[in-house]
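The values are calculated or read from the model by the stated rules, or taken from the named source; none is laboratory data. Treat the numbers as computed from the prediction; the structure is a model and nothing was measured. Here the Cβ is made from the backbone with ideal geometry for all residues, glycine too, and neighbour counts use every protein chain on show. SASA here: full protein model, heavy atoms, side chains in, ligands and nucleic acids out. Shrake-Rupley method; radii C 1.70, N 1.55, O 1.52, S 1.80 Å.
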Amino acid sequence: MVQRIQTVYLLLAFIATGILPFVFPLWKEAGKDFYFMANMLYAVLFGLSTMLALVSIISFKKRQQQFVMGRLNIILNLILLGLFVYHSLKVSGETALVSEKGIGMFLPIISIVMLVLANKAIIKDEDLVKSVDRLR
(Lines give C-alpha, C1' and ligand atoms only; values in the text may rest on other atoms or scores of the structure.)
Protein backbone atom coordinates (compact mmCIF):
# COMPACT_ATOMS: atom_id res chain seq x y z
CA MET A 1 0.00 0.00 0.00
CA VAL A 2 1.91 2.97 -1.27
CA GLN A 3 -0.30 5.62 0.29
CA ARG A 4 0.82 4.74 3.83
CA ILE A 5 3.70 6.80 5.20
CA GLN A 6 5.59 3.78 6.53
CA THR A 7 5.89 2.48 2.97
CA VAL A 8 7.58 5.72 1.96
CA TYR A 9 9.98 5.46 4.90
CA LEU A 10 10.73 1.83 4.09
CA LEU A 11 11.32 2.75 0.45
CA LEU A 12 13.81 5.42 1.53
CA ALA A 13 15.56 2.85 3.75
CA PHE A 14 15.63 0.46 0.77
CA ILE A 15 17.24 3.17 -1.38
CA ALA A 16 19.77 4.00 1.36
CA THR A 17 20.95 0.39 1.66
CA GLY A 18 20.27 -0.98 -1.82
CA ILE A 19 21.12 1.74 -4.31
CA LEU A 20 23.27 4.41 -2.66
CA PRO A 21 26.14 2.06 -1.63
CA PHE A 22 26.84 1.58 -5.34
CA VAL A 23 27.11 5.35 -5.79
CA PHE A 24 29.00 6.52 -2.71
CA PRO A 25 32.31 5.02 -1.55
CA LEU A 26 32.71 3.97 2.07
CA TRP A 27 36.18 5.47 2.33
CA LYS A 28 39.32 6.23 0.35
CA GLU A 29 42.62 4.48 0.96
CA ALA A 30 45.73 5.73 -0.81
CA GLY A 31 43.62 7.65 -3.33
CA LYS A 32 41.43 4.68 -4.30
CA ASP A 33 37.73 4.51 -3.54
CA PHE A 34 36.65 1.57 -1.36
CA TYR A 35 33.11 0.43 -2.09
CA PHE A 36 31.11 -2.08 -0.06
CA MET A 37 31.58 -4.81 -2.68
CA ALA A 38 35.29 -5.16 -1.88
CA ASN A 39 34.49 -6.74 1.48
CA MET A 40 32.17 -9.75 1.50
CA LEU A 41 30.86 -9.04 5.02
CA TYR A 42 29.74 -5.53 4.07
CA ALA A 43 28.11 -6.83 0.89
CA VAL A 44 26.17 -9.49 2.80
CA LEU A 45 25.02 -7.06 5.50
CA PHE A 46 23.92 -4.43 2.97
CA GLY A 47 22.16 -7.16 0.97
CA LEU A 48 20.31 -8.50 4.02
CA SER A 49 19.25 -5.01 5.03
CA THR A 50 17.98 -4.33 1.52
CA MET A 51 16.06 -7.60 1.39
CA LEU A 52 14.47 -6.99 4.82
CA ALA A 53 13.30 -3.55 3.71
CA LEU A 54 11.89 -4.95 0.47
CA VAL A 55 10.07 -7.82 2.19
CA SER A 56 8.75 -5.36 4.76
CA ILE A 57 7.35 -3.17 1.98
CA ILE A 58 5.67 -6.16 0.36
CA SER A 59 4.10 -7.44 3.60
CA PHE A 60 1.97 -4.36 4.22
CA LYS A 61 -1.07 -6.40 5.30
CA LYS A 62 0.83 -7.98 8.21
CA ARG A 63 1.67 -4.99 10.36
CA GLN A 64 3.12 -6.97 13.27
CA GLN A 65 5.46 -8.87 10.95
CA GLN A 66 6.41 -5.59 9.27
CA PHE A 67 7.25 -4.11 12.67
CA VAL A 68 9.44 -7.09 13.64
CA MET A 69 11.30 -6.97 10.33
CA GLY A 70 11.89 -3.26 10.89
CA ARG A 71 13.40 -3.99 14.29
CA LEU A 72 15.64 -6.70 12.82
CA ASN A 73 16.71 -4.32 10.09
CA ILE A 74 17.60 -1.66 12.68
CA ILE A 75 19.77 -4.19 14.54
CA LEU A 76 21.43 -5.23 11.29
CA ASN A 77 22.21 -1.61 10.42
CA LEU A 78 23.59 -1.00 13.91
CA ILE A 79 25.96 -3.94 13.41
CA LEU A 80 26.98 -2.50 10.04
CA LEU A 81 27.52 0.92 11.60
CA GLY A 82 29.61 -0.64 14.38
CA LEU A 83 31.81 -2.35 11.80
CA PHE A 84 32.31 0.96 10.00
CA VAL A 85 33.23 2.73 13.25
CA TYR A 86 35.66 -0.07 14.11
CA HIS A 87 37.28 0.14 10.70
CA SER A 88 37.52 3.92 10.76
CA LEU A 89 39.18 3.88 14.18
CA LYS A 90 41.56 1.14 13.12
CA VAL A 91 42.56 2.70 9.80
CA SER A 92 42.91 6.29 10.96
CA GLY A 93 45.72 5.38 13.35
CA GLU A 94 47.94 3.99 10.62
CA THR A 95 50.54 6.34 9.21
CA ALA A 96 51.43 4.30 6.14
CA LEU A 97 48.05 4.74 4.46
CA VAL A 98 46.22 8.00 4.19
CA SER A 99 42.51 7.34 4.68
CA GLU A 100 39.47 9.54 4.20
CA LYS A 101 35.99 8.62 5.34
CA GLY A 102 33.37 8.64 2.64
CA ILE A 103 29.70 9.48 2.75
CA GLY A 104 28.89 5.79 2.34
CA MET A 105 29.75 5.21 5.99
CA PHE A 106 26.72 7.27 6.98
CA LEU A 107 24.20 5.28 4.93
CA PRO A 108 23.33 2.94 7.85
CA ILE A 109 22.47 6.01 9.95
CA ILE A 110 20.06 7.24 7.28
CA SER A 111 18.55 3.77 7.08
CA ILE A 112 18.16 3.52 10.87
CA VAL A 113 16.37 6.87 11.04
CA MET A 114 13.99 5.87 8.24
CA LEU A 115 13.30 2.49 9.86
CA VAL A 116 12.55 4.08 13.25
CA LEU A 117 10.12 6.49 11.59
CA ALA A 118 8.51 3.58 9.72
CA ASN A 119 8.12 1.59 12.94
CA LYS A 120 6.47 4.57 14.64
CA ALA A 121 4.04 4.86 11.74
CA ILE A 122 3.33 1.11 11.87
CA ILE A 123 2.52 1.34 15.59
CA LYS A 124 0.25 4.32 14.97
CA ASP A 125 -1.52 2.42 12.17
CA GLU A 126 -1.92 -0.65 14.38
CA ASP A 127 -3.39 1.47 17.19
CA LEU A 128 -5.85 3.03 14.76
CA VAL A 129 -7.02 -0.39 13.56
CA LYS A 130 -7.44 -1.59 17.17
CA SER A 131 -9.47 1.49 18.10
CA VAL A 132 -11.79 0.97 15.13
CA ASP A 133 -12.22 -2.69 16.10
CA ARG A 134 -13.32 -1.62 19.60
CA LEU A 135 -16.08 0.50 18.14
CA ARG A 136 -17.64 -2.42 16.27
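Of the candidates 84, 67, 60, 36, the single residue that is of a type in the set (Phe, Trp, Tyr) and in contact with an Asp or Glu (Cβ under 9 Å, 6 or more places away or on another chain) is 67.
From the list 53, 16, 43, which one is exposed (fewer than 15 other Cβ atoms within 10 Å of the Cβ) and in contact with a helix residue (DSSP H, G or I) (Cβ under 6 Å, 6 or more places away or on another chain)?
On the way: 53 fails: exposed (fewer than 15 other Cβ atoms within 10 Å of the Cβ); 16 fails: exposed (fewer than 15 other Cβ atoms within 10 Å of the Cβ).
Step by step, each of 53, 16, 43 is checked, and only 43 is exposed (fewer than 15 other Cβ atoms within 10 Å of the Cβ) and in contact with a helix residue (DSSP H, G or I) (Cβ under 6 Å, 6 or more places away or on another chain).
I'd like the residue in region 24-44 that is aliphatic (A, V, I, L, M) and in contact (Cβ under 8 Å) with a residue 60 or more places away in the chain and, out of all such residues, is farthest from residue 109 (Cα to Cα).
Step one: of region 24-44, the residues aliphatic (A, V, I, L, M) are 26, 30, 37-38, 40-41, 43-44.
Pick out the ones that are also in contact (Cβ under 8 Å) with a residue 60 or more places away in the chain and you get 26, 30.
On the way: 26: 13, 30: 26 Å.
Checked region 24-44; the qualifying residue farthest from residue 109 (Cα to Cα) is 30.
Going by the structure shown, is residue 81 open to solvent by 50 Å² or more (accessible area, probe 1.4 Å) and modelled with pLDDT of 85 or more? Walk me through how you get there before you give the answer.
On the way: open to solvent by 50 Å² or more (accessible area, probe 1.4 Å): no; modelled with pLDDT of 85 or more: yes.
Answer is no for this residue.
Of all the listed residues (105, 69), the sole one being under 30 Å from residue 130 (Cβ atoms), open to solvent by less than 70 Å² (accessible area, probe 1.4 Å) and in contact with a Leu (Cβ under 7 Å, 6 or more places away or on another chain) is 69. Restricting region 30-49 to residues that are over 16 Å from residue 83 (Cβ atoms) and not in a loop (DSSP other than H, G, I, E, B), which is nearest to the chain's Cα centre (by Cα)? By that ranking, first place goes to 33. Count of region 24-55 residues, restricted to those that are modelled with pLDDT of 90 or more and either touching a strand residue (DSSP E or B) at 6+ places or on another chain (Cβ under 7 Å) or aliphatic (A, V, I, L, M) (or both), is 11.
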